[in-house]
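The values are calculated or read from the model by the stated rules, or taken from the named source; none is laboratory data. Given the structure is predicted, the values throughout are model-derived calculations rather than measurements. FYI the Cβ positions are ideal-geometry reconstructions off the backbone, even for glycines, and counts take in every protein chain you see.
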Amino acid sequence: MRSRYGNPARTAWLVLAGLVVFMLVLAGCGSSSSDTTGGGGEEALQKLGKGEGEVSLISWAGYVEPEWSKPFEQKTGCKVNNKVAGTSDEMVKLMSSGQYDGVSASGNATARLVAAGYVAPVNTGLVPNYKTVFSDLKDQPYNTFEGVNYGIPHGRGANLLMWNGNDVKPAPTSWNVTMDPKVAAKYKGKISQYDDPMSIAEAAVYLKAHETSLGIENPYELNEEQFNAAVELLKEQQPNVGEYWGEAAKQISGFANGDNTVGTTWQYQYFALKEEGVPVAASPAKQGFLPEEGATGWSDTWMIAKNAKHPNCMYEWMNWIIEPKVNAQVAEYFGEAPAQEKACEETKNPNFCAEYHAEEPDFWKRVYYWETPLADCGNGEEDCMDYNDWVKAWTSIKG
Amino acid sequence: MGHRLAGLFQGRPRLQVGALLAGPVGWLVIGYLGSLAILLITAFWSVDPLSGLVVKNYTLENFETLFNEPVYREIVWRTVRTALLVTITDAIIAFPIAFYMAKVASRRGKALLVVGILLPLWSSYLVKVYAWRTILSSDGMLHWLLSPIGLDTPGYGMTAVWLVFSYLWLPYMILPIYAGLERIPDSLISASEDLGASPFTTFRRVILPLSFPAVVAGSIFTFSLTLGDYITPRLVSNEQFIGNVIFNNIANNQPLAAALALVPIVVMIAYLLVARKLGAFEHV
Amino acid sequence: MRLSRRARALLRFAVGAALAFIYFPLVVIFIYAFNSSKILAWPPPSLTTEWFSKAFENEAAREAFFTSIKAGIAATAIALVLGTLASLAVARHRFFGRETISFLVILPIALPGIVTGVAISNTFTQVLNVPLSLFTVIVGHATFCIVVVYNNAVARLRRLSGSYEEASADLGAHTWQTFRYVTFAGMKSALIAGGLLAFALSFDEIIVTNFTIGAGEQTLPIWIFSNLFRPHELPIVNAVAVLTILISIIPVYLAHRLGGEDAAAPGRGGGGGVETEATAVP
């Protein structure tokens, strides 16, 4: 067949190319990547209505378990769809899709979610159990923004230093076993570090105690000098790290098959490993489960999505999770301090709240809840490193 | 009605081509390329550090970051290096088996081997990688196998990544080479032998050059699949590949991720153009 | 080809080694699927078949399986249509930009999955305001499945001489009849082979799916991924993996047989041997 199509075909291709360019221009001139800009301004739900039949949640491992989600489904008729996320970054990304109704956000996600406009304020008047939440969890900088309440506290805890009792001797009392290059070298290739920029704060906590000349106060508000010191420490740690874990279950499998013997963890993994019979140990209760320098930790908040598809079910969930009996179950299952005062009367272990310092605000001064690093240091200066710097540094640290 | 429509196309090849191509080309150019373009243009924008939302002011800061921070160069080089290594490894492993299938095996043997090679493609990629993770672990199968003779599993790391990638993409290399070798008429090989060439010379001067485009075709997949993968490096190592960094940044710093994404895209387009020149597209 | 005995033996050894390499992890999965312990140490302490019954009972796994089947069929259907259309244009006509089509078609699969996934997901959620769902997954899968069908179809069309279509036109058939009774008949087995391969690709895909799937659904790979590190669920995952391999023996074999049927097709040059379109891999 002879070719006679030169010009019309060429025109067709040009038209297509033009369409693509047109799309680009549209994308460039159009509204910002999200229709909702900035936090606040959105109204919290005013009145609770009928349940919508289901609710989609994003949560940390161990926060949404059949033990209390099934009774919730029976009571409210709201079917629970749960997605477990491993890091706050993952949670923010999932919330940005607009497909979920709520999230159990830590402090290094809450500010970002509010700023990006992914969450709406919470009307605590619609959550009866909120009245009896511990007062040092209410109106905190990580759940209240510009005087507006954005969530319901879930519970709080400290990150643990965990080790395999058979392989790590003597039992460590300090973070130096993972942070001090000389000591960490003993466990080269066996260290398990959390795969998230928040690890920089762990290094900062260590430096706060051991390198006082840096003058670190808040491990999340670091000026350039302090920040670089923390990053340097982690770069020296990198050759000794066996695995950077981004999912709780990955760390469990690492400790269970002997690939890792010491590292940062959450109570969820600790108890899961103990159940499997792996000889893990952590800082003892009498030390408050903390190594001598203290530790980073988290105080988590249930937040509701802006324009959530199932807002009524979400409010029911938020009320349910701080129901005294439920919050007691939640706290004991995971191994964290409950948010609900009355939960202390409902725990199976009568000393649970005492052991976990649930009623001691002073204890939590040694636990540095995850926070979103901002350039604004809170002292009028703007020279602190912001979260983008943290993320970039983390990429450099891992190499 | 059908007849009328069909009659419309009769003798109008231009209309035929247009109608045939409207769907696929529309889908691929407007849909796919358009989506790509919209993503990649964010590489020229920046991001609000708190909210993670994209801010539409044009800047080259993302590219500056990629060039100035040595870690990104290392990551790109590490990824490309692995992709090359995996391609070469797979080509070496694939060629003998493809040759056997094309030129030596009986008709039945050929059929069995083809099914045998295709079957692992059907088992889940994730399960295969996880199987390797357990095999390579410090008290996994390799350790059990090798410790009696004094060796040990390489554990997790670059070796593991290379091994697993080579394993995963091997069928994608075997099949095009097999198809390409099949296309070489037996008469050519007989002629070469009749002219006195040893099997090795025949291989080197007849078979290899004729099958080279097929090898390139297979390499398109081993190379591109390695270049973009982030799951395998995450499951069997701590190493960051291009895919991992894109994945980590796509949520809160999409512009940086998009800028980095341009690297494998440019590399692959260049690779495809070279491959096309080498005739690989006839063998894909 | 005449090979010395030593060369032949070496070749056989290389083939055996390659096959061993390919199947060795699959054997490991197979054994783990019967492992009675949840911790994956080696060797497994004892064997049991309970994971298989648990796999059948697991509701999430079943749903994920059917979702994957649905997505696979839909994506394959779209890929078949688009791939066939494109192949007809390229193999039977000449036009400006013809070579570019092959290039274009291979791009979705040659570019990193994460880029394809994010680009498509972005376009749906931010430009078109369409929420993510099985539909968006199907769109993503179809995009990179086109090339598989296209390659098989073009390879076949090149082998089928165009003279049959001309003869059909001369005999009075119009374009649709020619396509249906002549072209399509000749392409059928190549399309089926391509379709089966496309289905396989879609069924096992994880990266693009990860970015394009909605909150409430799971395809089988997504389900596997979410359970990969859960010690309690992992053995079921292994059992599911073994089941998928076993079930898939049939389609894979069929694909090959169908490709092979054509050994006597008109227009094919001399030299018999097994047809190779079924193996025209993406």
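When B:Arg14 is tested against the conditions (1) farther than 30 Å from C:Arg94 by Cα; (2) within 9 Å of chain A (Cβ to nearest Cβ); (3) not aliphatic (A, V, I, L, M), the lone failure is (1). Residues in region A:92-117 that are in a helix (DSSP H, G or I) and either among the basic types (Lys, Arg) or within 9 Å of chain B (Cβ to nearest Cβ) (or both): A:Val92, A:Lys93, A:Leu94, A:Ser96, A:Ala111, A:Arg112, A:Leu113, A:Val114, A:Ala115, A:Ala116.
Among the residues of region A:313-330, is any within 14 Å of chain C (Cβ to nearest Cβ) and either more than 21 Å from the chain's Cα centre (by Cα) or among the β-branched types (Val, Ile, Thr) (or both)? Yes, region A:313-330 contains a residue that is within 14 Å of chain C (Cβ to nearest Cβ) and either more than 21 Å from the chain's Cα centre (by Cα) or among the β-branched types (Val, Ile, Thr) (or both).
Just so you know, in region A:150-190 the residues that are assigned to a loop (DSSP other than H, G, I, E, B) and among the hydrophobic types (A, V, I, L, M, F, W, C) include one that is modelled with the highest pLDDT, and it is A:Trp175.
Residue-wise test of (1) of a type in the set (Ser, Thr, Tyr); (2) in contact with a Lys or Arg (Cβ under 6 Å, 6 or more places away or on another chain); (3) not in a helix (DSSP H, G or I).
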| site | (1), (2), (3) |
| --- | --- |
| B:Tyr172 | yes, no, no |
| B:Leu235 | no, yes, no |
| B:Glu239 | no, no, yes |
| B:Leu256 | no, no, no |
| B:Pro264 | no, no, no |
| B:Tyr271 | yes, no, no |
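Under 30 Å from A:Ser96 (Cα atoms), at the interface with chain B (Cβ under 8 Å from one of its Cβ atoms) and of a type in the set (A, V, I, L, M), is that true of C:Val105? Answer is no for this residue. In region C:194-221, the residues that are at pLDDT 90 or above form Cβ pairs under 9 Å with partners that are among the acidic types (Asp, Glu) and not in a helix (DSSP H, G or I), at six or more places apart or across chains, as follows: C:Ile207/B:Asp229; C:Thr219/C:Glu205; C:Pro221/C:Glu205. Here the condition is being at pLDDT 95 or above and either among the polar types (S, T, N, Q) or within 27 Å of C:Ile213 (Cα to Cα) (or both); of A:Gln193, A:Gln140, it holds for A:Gln193 alone. Check off (1) without any contact (Cβ under 8 Å) to a residue 24 or more places away in the chain; (2) part of a helix (DSSP H, G or I); (3) within 12 Å of chain B (Cβ to nearest Cβ) for C:Val118 and give me the number that stays unchecked. If we test C:Val118 against (1) without any contact (Cβ under 8 Å) to a residue 24 or more places away in the chain; (2) part of a helix (DSSP H, G or I); (3) within 12 Å of chain B (Cβ to nearest Cβ), just (1) comes out false.
For region B:164-184, the tally of residues that are modelled with pLDDT of 95 or more and within 8 Å of chain C (Cβ to nearest Cβ) stands at 1.
C:Met187 fulfils the conditions (1) part of a helix (DSSP H, G or I); (2) more than 10 Å from every other protein chain (Cβ to nearest Cβ); (3) aliphatic (A, V, I, L, M); (4) more than 30 Å from B:Gln16 (Cα to Cα) except for a single criterion, (4). If you go through region B:29-68 and pick out every residue that is more than 9 Å from chain A (Cβ to nearest Cβ), aromatic (Phe, Trp, Tyr) and not in a helix (DSSP H, G or I), you end up with 0.
Within this structure, B:Phe44 passes the test of being of a type in the set (A, V, I, L, M, F, W, C), at pLDDT 85 or above, out of contact with any helix residue (DSSP H, G or I) (no Cβ under 7 Å at 6 or more places or on another chain) and surrounded by fewer than 20 Cβ atoms within 10 Å (Cβ to Cβ). Considering the conditions (1) without any contact (Cβ under 8 Å) to a residue 60 or more places away in the chain; (2) more than 7 Å from chain C (Cβ to nearest Cβ); (3) β-branched (Val, Ile, Thr), B:Val115 is excluded by exactly one of them, (2). Would you say B:Ala22 is more than 30 Å from C:Val130 (Cα to Cα), within 14 Å of chain C (Cβ to nearest Cβ) and of a type in the set (Gly, Ala, Ser)? So B:Ala22 fails the test. Of the residues in region C:59-77, how many are surrounded by fewer than 21 Cβ atoms within 10 Å (Cβ to Cβ) and closer than 14 Å to C:Thr212 by Cβ? Residues flagged as surrounded by fewer than 21 Cβ atoms within 10 Å (Cβ to Cβ) and closer than 14 Å to C:Thr212 by Cβ within region C:59-77 amount to 2. Report whether or not B:Gly218 is of a type outside the set (S, T, N, Q) and within 18 Å of the chain's Cα centre (by Cα). So B:Gly218 passes the test. Considering region B:67-123, the residues that are of a type in the set (S, T, N, Q) and more than 21 Å from the chain's Cα centre (by Cα) include one that is nearest to B:Tyr178 (Cα to Cα), namely B:Ser106. If only residues of region C:154-213 that are over 20 Å from the mean Cα position of the chain (by Cα), under 28 Å from B:Tyr32 (Cα atoms) and not basic (Lys, Arg) are counted, the one that is surrounded by the fewest Cβ atoms within 10 Å (Cβ to Cβ) is C:Phe184. Which residues, taken from region C:168-178, are assigned to a helix (DSSP H, G or I) and either modelled with pLDDT under 85 or among the basic types (Lys, Arg) (or both)? Listed by number, the residues that qualify are C:Ala169, C:Thr175, C:Trp176, C:Gln177, C:Thr178. When B:Ile246 is tested against (1) assigned to a helix (DSSP H, G or I); (2) without any contact (Cβ under 8 Å) to a residue 60 or more places away in the chain; (3) more than 10 Å from chain C (Cβ to nearest Cβ), just one condition goes unmet, and that condition is (3). Out of curiosity, is A:Tyr368 out of contact with any strand residue (DSSP E or B) (no Cβ under 7 Å at 6 or more places or on another chain), closer than 29 Å to A:Arg112 by Cα and modelled with pLDDT of 90 or more? No.
Taking first residues from region B:75-104 that are more than 11 Å from chain C (Cβ to nearest Cβ) and partners that are charged (D, E, K, R), the Cβ contacts under 8 Å between residues at least 6 apart in sequence or on separate chains come to B:Arg78/B:Glu239. Restricting attention to region C:114-135, and to residues there that are of a type outside the set (S, T, N, Q) and under 21 Å from the mean Cα position of the chain (by Cα), which single residue is surrounded by the most Cβ atoms within 10 Å (Cβ to Cβ)? Looking at residues that are of a type outside the set (S, T, N, Q) and under 21 Å from the mean Cα position of the chain (by Cα), I get C:Val115.
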